[in-house]
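Worksheet: the structure to be examined is printed underneath.
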Amino acid sequence: MRGQDQPPAPLADATGCRFAVVVSRFNETITGSLRDAATAALHEAGATTVQVLAVPGAFEIPQAARAAAESGRFDAVVCLGCIIRGETPHFDYIASAVAHGITDAAGETGVPMAFGVLTTDTVAQAEARSGPGPDNKGREAAAAAIEMAALFRSLAGPANRPFGFRV
């Protein structure tokens, strides 16, 4: 980890890009911080559209991400949530289902999806990954989504890039 006193890494240019941010309401203190850091990064990078889509829990993230991608309205989707290990195997099932669901949705829709779902053993670990500063995993997921949107746009060729979009 870089530490909170170091500036965040520069973001790619997201001018002309449209992003969905799918965020779980479960563990809202953590996910709200992830959401805030992600949306701030997207705006900082010049994103044209940033639409936040709230879902009840992490299990619902892949469904909403797929629906956002299938709408054709977004260049990339940022998926944010927080799953904290408990006393039962529920954590393992949910974490696996969410990871596979997001991977499948991205592959099947062709829309990049960034994985910003924390899977931690403790609340303290989740807080450390969602706190202020450059190490916030919401910001990191947004940075990945920006980079992937730029990559996909560059692969589409000049005729499919919106005016002003720079790779």
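The values are calculated or read from the model by the stated rules, or taken from the named source; none is laboratory data. Worth saying up front: this structure is predicted, and the values here are computed from it rather than measured. Methodologically, a virtual Cβ is constructed for each residue, glycine included, from the backbone with ideal geometry; neighbour enumeration extends over all protein chains shown.
Checking the structure you have, find out if any residue of the range 103-122 is at pLDDT below 95 and assigned to a loop (DSSP other than H, G, I, E, B). There is no residue in the range 103-122 that is at pLDDT below 95 and assigned to a loop (DSSP other than H, G, I, E, B). Residue 137 falls short on exactly one of the conditions (1) surrounded by 14 or more Cβ atoms within 10 Å (Cβ to Cβ); (2) touching a Lys or Arg at 6+ places or on another chain (Cβ under 7 Å); (3) basic (Lys, Arg); (4) over 20 Å from residue 36 (Cα atoms), and that condition is (4). Filtering the range 37-50 to residues that are over 15 Å from residue 114 (Cα atoms) and out of contact with any helix residue (DSSP H, G or I) (no Cβ under 7 Å at 6 or more places or on another chain) leaves 40, 43, 44, 46, 47, 48, 49.
Would you pick out the residues in the range 39-86 that are more than 14 Å from residue 138 (Cα to Cα) and among the acidic types (Asp, Glu)? Within the range 39-86, 60, 70, 75 qualify.
Taking first residues from the range 36-47 that are without any contact (Cβ under 8 Å) to a residue 60 or more places away in the chain and partners that are of a type in the set (Ser, Thr, Tyr) and outside any helix (DSSP H, G or I), the Cβ contacts under 9 Å between residues at least 6 apart in sequence or on separate chains come to 46/15. Residues that are under 26 Å from residue 39 (Cβ atoms), of a type in the set (D, E, K, R) and either buried (at least 17 other Cβ atoms within 10 Å of the Cβ) or without any contact (Cβ under 8 Å) to a residue 40 or more places away in the chain (or both) within the range 75-123 comprise just one, 75. For residue 133, the stated conditions hold: it is of a type outside the set (Phe, Trp, Tyr), within 20 Å of residue 45 (Cβ to Cβ) and at pLDDT below 95.
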